[in-house]
Structure formats: C-alpha cells, structure tokens
Amino acid sequence: MNLPPPIDLKRLRVYPLAARRSLARIGDILLAPDSRPPDLAGPLIHEIAKCAEHIRAAALDFRQFAAAVDRLDIHHLCHHLEQS
C-alpha cells in the first residue's frame, strides 16, 4: 500500500482561533427553532427508521433487564429477611 509522505509540521502555520477566518457564517447555518425540518430522501428515511427501531428494541431490552435485576434484588432481600 502506497501511503503519501507525512506532513512536515515545521512548515505548518497555526493561527490563534480569534485570528482565523471561518468559511461559514452563523447566519448561513442558523435555523429557526420553530422551522419545519427539510424533507429527507427515500433511502435516508429508511435508514433513520431502522436506527429508531434499533433504539426502541435496545430500550425494551434494557427495561426487561432492569426489571429482572429488580426481581433478583427483591428475591435476595426476601431471602435474607427470612433467614434473620
């Protein structure tokens, strides 16, 4: 695999953040909070829906896990109370 030569950091000029000019202006990228989001393209909608489904499934799995842990804790507590 042919890799490009490394950058010579001695030739790199770094300026303080306050002195740098940005290529983007806040007015160009700022959106009104109450504005409607732009429509998404077809394939992107399906990818987002799949991600949402994975998140929902993970949340359900976690809730089921947490409920099982709670049951174990209650069982453990009851067991110790019976022995005392």
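Determine the calculated [θ] at 222 nm for the chain from helices alone, applying -39500 (n - 2.57) to every DSSP H run no shorter than 4 residues and normalising by the residue count; nearest 500 deg cm²/dmol. Write out the running numbers ahead of the final one.
Working: 2 runs with 46 residues, N = 84.
So the helix-based figure for the chain works out to -19000 deg cm²/dmol.
Net charge near Arg63: determine it from the other residues with C-beta under 11 Å of the C-beta of Arg63, scoring Lys and Arg +1 and Asp and Glu -1.
-1
R0 = 25 Å: FRET efficiency of Asp34 with Arg63, Cβ-based, nearest 0.05?
0.15
Taking the simple approach of a point 7 Å from Cα along Cα-to-Cβ for both Ile7 and Ala24, what is their distance in nm?
My value for the distance between the label points is 1.9 nm.
Taking the Cα centre of the chain as origin, work out the dipole magnitude from +1 charges on Lys and Arg Cβ and -1 charges on Asp and Glu Cβ, in debye rounded to 20.
I would put it at about 840 debye.
Bear in mind that the values in this text are calculations on the coordinates, not laboratory data. Quick caveat, the model's predicted, so the values are computed rather than measured. Here the Cβ is made from the backbone with ideal geometry for all residues, glycine too, and neighbour counts use every protein chain on show.
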